Amino acid sequence: MSRWLTSVILAWCCAMSAWCQGEVHWLEHEHDFGTFNEKDGKVSCTMRMVNTGDSAMIIVRVQSTCGCTATEYTTTTINPGDTATVTLTYNPANRPGQFSKDVFVYTTGSPRRSQLTITGKVIGAPVTIDQQYPVRSGGLRLEVENVPLGEMYRGATRNAYINAYNASLDTLVVTTDGNLPHVQLTASPVTVPPGEASAIVVHYDTRQAPLWGFNEDTLIVMSEPVHDSSSAIAGIARVYVMAQVMEDMSKLTPEQRSKAPELVLDTDKVIFESMQPGSIAQGTITLANKGKATLNVRRLWCPDKAVTIGNAPTRIKKGKRAVATISVDPAMVEGGVLNTTLTIITDDPRNPRSSIRLVGMVAKK
């Protein structure tokens, strides 16, 4: 009998505990600050919550999803019928553009967790815009102009993004030019209201890339205000996209590797001594194939404009060799000192990319 009575009392206590609890009712759970200037500083709002339940409760904690949003809240007991508040303060410093931030409020009532949201649009200060978006395309500002995609295997695709911001007082239409089969720029969105952020999407397809190894392409981002009478100006910006296109050798079997070509170079440095102004200096390198299959020479490339490569082989049969000519124009050697690298790209799986140093001095007149 006593066990039965104890069970009934425990069940009744649990039921009463579940029934007698605080109930969270928010009078506001969203706030839009609208458009405001970064230079005006922090903005705040207060949201109210009423305990509509039958028991007291407390706010345990308030958690922001971003360090840009500070919180203050009622820390005392909230009795039935009482009102509590949560104050949210947004710091716009160095954060131009639209924002939407969530804050989670945890209580001992029901529900245990509530979500509050603040939104708005920050008109960036000139100093902030210059720091974060230094590249100008009329009223549109870009975060960077160089997009290095790094090394990519032939056949792969990759997307990259350039953050942009409309720093003008008019809506801008953003377009691109110079798109190529292997690299395209796309504005997202095409129409950008004043004070709002957007992005330039860079899509790269190595299957269409014209060169093995280093590729660099120049494309254009253009912006134009919607209204002819606007104070905003149209403009263009150049974007430089770079990628290293290489061959994927990782899936070759041990047997395939044993039967592959093998590049052997006769030197790792070519020295051009006392280059005479007005006379082209020349040197040579020998490429030999010590492997068991024909060696495909993808590219011989040097970034220095003073250097040109002649007689570059494209295929070298097993056991054979080929000689390539290196020419240097002293008039184009910056500072009179040559110090650069010749890159050789082949289908040798052991060493698909080899380098030779090119050094020399231009004789004084």
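Roughly how many debye, to the nearest 20, is the charge dipole of region 178-254 about its Cα centre, given +1 on each Lys and Arg Cβ, -1 on each Asp and Glu Cβ, and no other charges?
Details: 3 positive and 8 negative charges, 30 e Å.
The dipole magnitude comes to about 140 debye.
How would you order 206-215, 271-280 from highest to lowest mean count of nearby Cβ atoms within 10 Å?
Values: 206-215: 16.4, 271-280: 12.9.
Those peptides, ordered most packed to least, come out 206-215, 271-280.
Which links in 251/320; 39/121; 42/101; 259/320 stretch past 20 Å when you go from one Cα to the other?
On the way: 251/320 27 Å; 39/121 13 Å; 42/101 14 Å; 259/320 16 Å.
From 251/320; 39/121; 42/101; 259/320, over 20 Å: 251/320.
What number, in percent, do you get for the relative contact order of region 231-365 if the mean sequence gap of Cα pairs under 8 Å and at least 6 apart is divided by its residue count? Can you show the working numbers first?
On the way: 287 pairs, mean separation 39.3, N = 135.
It comes to 29 percent, rounded to a whole number.
Reachable aspartates and glutamates from residue 317, Cα under 14 Å, same-chain residues fewer than 8 places away excluded?
Correct list for residue 317: 262, 347, 348.
Where the centroid of each part is defined by its Cα atoms, how far is region 296-365 from region 271-292 in Å?
8 Å
When a/c is below 1.5 the answer is rounded, else prolate if a/b is larger than b/c, else oblate, so apply that to region 176-305 with a ≥ b ≥ c taken from the square roots of the Cα gyration tensor eigenvalues. Mind showing how you got there, number by number?
On the way: a/c = 4.88, a/b = 1.83, b/c = 2.67.
Oblate is the answer for region 176-305, as a/c is 1.5 or above yet b/c matches or exceeds a/b.
Counting only heavy atoms of protein chains, what accessible area per residue, in Å², does the chain have with a probe of 1.4 Å?
Numbers: 19660 Å² over 365 residues.
Accessible surface, normalised per residue, equals 54 Å².
At 7 Å along Cα-to-Cβ for each site, give me the label-to-label distance between residue 249 and residue 173 in nm.
About 5.1 nm separates the two model spin labels.
Excluding residue 187 itself, calculate the net charge of residues whose Cβ lies under 12 Å from the Cβ of residue 187, where each Lys or Arg counts +1 and each Asp or Glu counts -1. Walk me through the numbers on the way to the answer.
Working: positive: none; negative: 177, 224.
Taking every other residue near residue 187 into account, the sum is -2.
Rounded, prolate or oblate: which fits region 230-365, taking a ≥ b ≥ c as square roots of the Cα gyration tensor eigenvalues, rounded meaning a/c under 1.5, else prolate when a/b beats b/c?
Working: a/c = 3.14, a/b = 1.24, b/c = 2.54.
Taking the square roots of the gyration eigenvalues as a ≥ b ≥ c, region 230-365 is oblate.
I'd like the orientation of helix 2-19 relative to the chain: the angle between its Cα long axis and the longest Cα principal axis, in ° from 0 to 90, rounded to 10.
70 degrees
Share of the chain's accessible area from carbon and sulfur, percent, 1.4 Å?
On the way: 9770 of 19660 Å².
After summing per-atom areas, the C and S share lands at 50 percent.
Given R₀ = 45 Å, FRET efficiency for residue 325-residue 184 by Cβ-Cβ distance, to 0.05?
Values: r = 37 Å, r/R0 = 0.82.
Taking R0 as 45 Å, the efficiency between residue 325 and residue 184 is 0.75.
Can you pull the one-decimal nm distance between simple spin-label points at residue 361 and residue 339, each 7 Å off the Cα toward Cβ?
With each label point 7 Å from Cα toward Cβ, the separation is 1.3 nm.
The values are calculated or read from the model by the stated rules, or taken from the named source; none is laboratory data. Keep in mind it's a predicted model, so treat the numbers as computed, not measured. Note: ideal-geometry Cβ built from the backbone for every residue, glycine included; neighbour counts use all protein chains shown. To get the accessible areas, we keep the full protein, side chains included, count just its heavy atoms, and leave off ligands, DNA and RNA. Shrake-Rupley method; radii C 1.70, N 1.55, O 1.52, S 1.80 Å.
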